[in-house]
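The values are calculated or read from the model by the stated rules, or taken from the named source; none is laboratory data. Predicted model only: the values in this text are computed from it and were never measured. Because the Cβ atoms are built from the backbone with ideal geometry, glycine has one as well, and the counts that use them run over all protein chains shown. For accessibility, only protein heavy atoms count, side chains too; no ligands or nucleic acids. Shrake-Rupley method; radii C 1.70, N 1.55, O 1.52, S 1.80 Å.
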Amino acid sequence: PERTLQIHGNLHFARCAGGCAGPVPLPEGLGEGIARDAVPDDATLAALRCASCGGWLRPHVLWFDEYYDEENYRAETALSALAGAALLLVVGTSGATSLPARMVEIALAQAVSVVVVDPEPTSFAQRAVEDKGAFLRGTACAVVPQVVAALTAR
């Protein structure tokens, strides 16, 4: 996990919408069994409040009107990790955002192998295949464990 950079965030974590804290893991089972149109109970509402300021928590994911930063998405760390990389594994992104697109371009320019895992072909998948990389069609849950097993067997 410390070597995995979740550059789009992680839906299992939340952070203060006001910016004072986070990311923090969401309590397990939060919201389970609640109908979509039901009013959350007091315990659920309390779990969605920032422990530091009492403000609302928000999902720890990059939204379309936001930008990559080091604090929340480890953007600079992700870019600098390419310097010594032998492989860039791109999992589940359309390539429509700047950081993944930049990383693929840098990797290909540095002759780093690019492997793309996605249920559907993407522009990244095409670039990877054209540059002697690979496109592995499928979900992250199905394909990534197989990739990890193959890499650790080496």
Handout entry: Fraction of alpha-carbon pairs over 29 Å apart in the chain - percent
Key = 30
Exercise for the section: Springs between alpha-carbon atoms under 10 Å, Gaussian network over the chain: tell me which of Thr44, Thr122, Thr93 tops the mean-square fluctuations. Expected result: Thr44
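How do the peptides 25-36, 64-75 rank, highest first, by the average count of neighbouring beta carbon atoms within 10 Å per residue?
Per-residue mean Cβ counts within 10 Å order the peptides as 64-75, 25-36.
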Exercise for the section: Provide the FRET efficiency to the nearest 0.05 for the Arg3-Ala43 pair, computing r from the beta carbons and using R0 = 30 Å. Expected result: 0.25
Problem - Contact order relative to length of the chain, as percent, for alpha carbon pairs under 8 angstrom and 6 or more apart - result: 17
Problem - Sum of side-chain charges, Gly18 neighbourhood, beta-carbon under 12 Å (Lys, Arg +1; Asp, Glu -1) - result: +3
Practice task
Name all residues of the stretch 73-112 having a backbone nitrogen under 19 Å from the label point set 7 Å from the Cα of Ser123 along its Cα→Cβ direction, giving them as ranges.
Solution key: 89-110
Problem - Added length on full extension, which subtracts the Cα-Cα distance from 0.36 nm per residue, Trp56 to Leu151 - result: 30.1 nm
Handout entry: Surface accessible to a 1.4 Å probe, per residue, for the residues of the chain, Å²
Key = 65
Practice task
Please list 83-92, 14-23 highest first by mean number of surrounding beta-carbon atoms within 10 Å per residue.
Solution key: 14-23, 83-92
Exercise for the section: Count the net charge of all other residues whose Cβ sits under 15 Å from the Cβ of Ile34, scoring Lys and Arg as +1 and Asp and Glu as -1. Expected result: -4
